[in-house]
2 protein chains.
Amino acid sequence: MRIIDIARIANVHVSTVSRSLNNSPLVSEETSARIKKIAEENGFEFNASARGLITSRVGTIAVILPHNFDQFPVTVFHSELHNYLRMILEREDYDLIVTFHKNRFTGVNNIIRLFKRKKIDGIILIHQVHDDETERFMKESNIPFIYAHYPPENININDDVVYVDHFHGGYIAAEAFVSRGILKLLCLKPDTGDTEYKLRLKGFEAYLKERNIPFGEKDIWTIPPTFEAGFNEIKRKKDEIDNYQGLFALTDFTAYGALQACRESGISVPNDLAVIGYDDIKFSQYISPALTTIHQPIDQIAKITCERLIELIRNKERGKKWETKRILIKPEIVFRKSLLL
Amino acid sequence: MRIIDIARIANVHVSTVSRSLNNSPLVSEETSARIKKIAEENGFEFNASARGLITSRVGTIAVILPHNFDQFPVTVFHSELHNYLRMILEREDYDLIVTFHKNRFTGVNNIIRLFKRKKIDGIILIHQVHDDETERFMKESNIPFIYAHYPPENININDDVVYVDHFHGGYIAAEAFVSRGILKLLCLKPDTGDTEYKLRLKGFEAYLKERNIPFGEKDIWTIPPTFEAGFNEIKRKKDEIDNYQGLFALTDFTAYGALQACRESGISVPNDLAVIGYDDIKFSQYISPALTTIHQPIDQIAKITCERLIELIRNKERGKKWETKRILIKPEIVFRKSLLL
DNA sequence: ATTTTCAATACAAACGTTTGCAATTGAATG
DNA sequence: CATTCAATTGCAAACGTTTGTATTGAAAAT
């Protein structure tokens, strides 16, 4: 069923059908109603190829993921984010293509390729695109795009971005400890140097400084962001642990490792050592003891990102110039067993 | 850059360029080489819309997921599967559109809609499509499709399917217990009635029967497939647990709950009670004690599914009739702490 | 009664490919 | 030297839309 078939049935020209189905005001009410009825009855759907050929609008949004596919906890986070994005864009009738920045086999830049081939309507970047080629391409081809989740420190000042306030996350973690009289604090920090981790730590330190609570370099242990690293570090430095009352793990997964090491070493959580994680991966509520942690509002990130991107796409369609926006989401702490409310 | 631009540079007709870039034998070696060089230099990509308009082949495969999006462990499994699928199809230069069977807001059947609009090349179904409308549509429109992961009992005998041998999974679980002299066995079975669970149980029972090991209705506890249900059931029937030496949880997540209940109830795993789960979700290696479980070879499922689907697509393109195939993958047991090797 | 205006509709070109068929080569055959 | 043939290449229609412009007919303005 094509619009020309509908045209024949309705006894009008194809262009009238096209206009009707696209809600153009250039068709009379009755004609349009008649056409829409016929289309409805026949389960008509536009041929996206034909349409895309002319309009370059194909009803598809691309999500670009970073390439650390096999780093387990990262994957969980991205999958969740992706699921939410899909749910939201479903409502708007957009399809979602998920891809990595570069094809690992051919080395081809997927963003550029996708856009050339399919005329993607918009792009959601879940990681920083560091290379100039891509950035230039996106700017030149005027594709609406938005960064999601990553802190804007890494991103061009003029790009749109929706991000979580990692500084604040660290800040409220410190607050949670201190307000409970837990003052001798230790931090497990990933060694990957990502900005988000740095910000979490800065927020943490900022609060402690405000309250004049001693916290220095020696209280920051830098390790890989893995279960194993968390486990080993706590086991290895078991003796030093006795000096601390609270542990802030900058990612949940390290916290799990630490928790296990504590159990095996006879350190009672939260009595001997209170623990706060960061991320609120779904498993954190099932681990034992259930982890108190800073919740990353994935659903919010997804929702706001989509809304903003769709706004950008609409702006572009109307040829409207737009301001870039940086939208900030405040994380919250969720209390469980590893640090009681 | 369009093929006509390349044609001008190469001083040939567009049709020659098209044929060259599509590896048609109707172009001489030198001409073709010249054309390909120019295309390469200019970073040429076909316009998928124009191409799709004619060929109905757009380089897109759709993955249809079930709608239990928010059931956590299910999501993890699907996300992993999806990730693998993406990796593999990336190599073949297919894009992946992920969608649910029906749009939850509009009620529109996404499979039918997608195919009408975009002329999807092939479909991977991660759940059973129960409704006749979809099934009829797929058959009539001759779309290559394949079921992945679900047991073929639910699926039309004439459809392609790649699935895991759940029966065998149950069988080797029983074998693992029995060969270690653990004979008084309990099974935690999900109450959802999915065929895969039934098969796992059947395999389990089959082995026990072979060995004349008593195992009856009272040894099967039927509960929701959740962490909480596993936890509560064990806590509630704590006294009865003393009669058992081994627990087979038909899904890892229930096993996690059971493990936690054991810890809180002073039941030592694996000494008092050995535990085997099913799925091998990534977390099973981090839970404490690490879970011995039946591994679902997600990577294999993904790989084989893709290979077969691509074969189906090729067959269709060549107008070849093909036999349907049912491909079976054997799961394996992975030993950790909850039942020692 | 004639012209102007306007809403509604029709016409036709364009989007970038693919592909059956025709035309052109140059060489091989009779 | 005329003919056949195969290998290349060119031509043009087709795919299903969108959209600027032209046409229509009737109402409004002169």
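Rule-based calculations on the coordinates, nothing more; no lab input. No experiment lies behind these values; they were computed from the predicted model shown. Every residue, glycine as well, gets a Cβ built from its backbone with ideal geometry; the counts of neighbours run over all protein chains shown.
Relative to the longest principal axis of the C-alpha atoms of chain A, give the angle of the C-alpha long axis of helix A:227-236, reported between 0 and 90° and rounded to the nearest 10°.
The angle comes out at about 10 degrees.
List, shortest first and in nm to one decimal, how far the label point of A:A50 (7 Å from Cα along Cα→Cβ) is from its counterparts in the other copies.
1.8
Against the empirical 2.2 N^0.38 Å scaling, what ratio does the C-alpha Rg of segment A:263-304 come to?
Working: Rg = 13.2 Å, N = 42, 2.2 N^0.38 = 9.1 Å.
It is 1.45.
Using only the Cα atoms, what convex hull volume per residue in Å³ does segment B:211-265 have?
Output value, Cα hull per residue: 85 Å³.
Would you kindly work out, in nm and rounded to one decimal, the distances from the label point of A:D299 to those of the same position in each other copy, ordered shortest first, with label points 7 Å along Cα-to-Cβ?
Between copies, matching label points for A:D299 lie 3.5 nm apart.
If eta is 0.692 mPa s and T is 37 °C, what Stokes-Einstein diffusion coefficient results for segment A:136-199, Kirkwood Rh from Cα pairs, in µm²/s?
Estimated diffusion coefficient is 228 µm²/s.
Cβ under 13 Å from B:E90's Cβ, B:E90 left aside: what net charge do those residues give with Lys, Arg +1 and Asp, Glu -1?
+3
Can you tell me the equivalent ellipsoid semi-axes for segment A:234-341? Use √(5λ) from the Cα gyration tensor, largest first, whole Å.
Whole-Å semi-axes of the equivalent ellipsoid: 41, 12, 10.
For the rotation that brings chain A onto chain B, whose beta-carbon in chain A is nearest the axis, and what is that distance in whole angstrom?
A:S79, 2
Taking the alpha carbon gyration tensor of the protein assembly as shown, what are the square roots of 5 times its eigenvalues, largest first, to the nearest whole Å?
Working through the eigenvalues yields semi-axes of 48, 35, 23 Å.
Between A:K321 and the same site in the other copies, what are the distances in nm, shortest first, taking label points 7 Å from Cα along the C-beta direction?
So the distances to the same position in the other copies read 6.5 nm.
Compute a Gaussian network model of chain B, connecting alpha carbons closer than 10 Å, and tell me which residue from B:A33, B:A274, B:A261 fluctuates the most.
Result: B:A33 has the largest fluctuation of those listed.
Report the far tail of the P(r) of chain A, meaning the percent of Cα-Cα pairs longer than 39 Å.
Of all Cα-Cα distances in chain A, 31 percent exceed 39 Å.
Note down the Stokes-Einstein diffusion coefficient of segment B:5-51 in µm²/s, whole number, using a Kirkwood radius over alpha carbon pairs, 4 °C, and 1.567 mPa s.
Numbers: Rh = 10.6 Å.
So the translational diffusion coefficient is about 122 µm²/s.
Can you pull the Kirkwood radius for segment B:1-127, inverse mean 1/r over Cα pairs, to one decimal in Å?
Kirkwood radius, segment B:1-127: 17.1 Å.
As a test of the formula, what do you get for chain B when each DSSP H run with n ≥ 4 contributes -39,500 (n - 2.57) and the sum is divided by the residue count, at 222 nm and rounded to the nearest 500 deg cm²/dmol?
After summing the helix terms and dividing by residue count, I get -14000 deg cm²/dmol.
What is the angle, in °, between the Cα long axis of helix B:252-264 and the longest principal axis of the Cα atoms in chain B? Nearest 10 is fine, range 0 to 90.
30
Structure shown: which of B:K102/B:K189; A:K102/B:K330; A:K209/A:K235; A:K37/B:K118; B:K184/B:K237 lie over 26 Å apart, alpha-carbon to alpha-carbon? Let's see the in-between values first.
Details: B:K102/B:K189 29 Å; A:K102/B:K330 33 Å; A:K209/A:K235 29 Å; A:K37/B:K118 23 Å; B:K184/B:K237 16 Å.
Violating the 26 Å Cα-Cα cut-off are B:K102/B:K189; A:K102/B:K330; A:K209/A:K235.
Taking a temperature of 4 °C and a viscosity of 1.567 mPa s, what whole-number D in µm²/s does Stokes-Einstein yield for segment B:127-257 with Rh from Kirkwood over alpha carbon pairs?
79
Hey, got the average number of other protein chain Cβ atoms within 10 angstrom for residues in B:46-55?
6
Quick check: the angle from helix A:72-91's long axis to the longest principal axis of chain A, C-alpha only, nearest 10 degrees?
Relative to chain A, helix A:72-91 is tipped by roughly 30 degrees.
Whole Å is fine, so just give me how far the alpha carbon centre of segment B:113-153 lies from that of segment B:213-250.
So the two Cα centres are separated by 38 Å.
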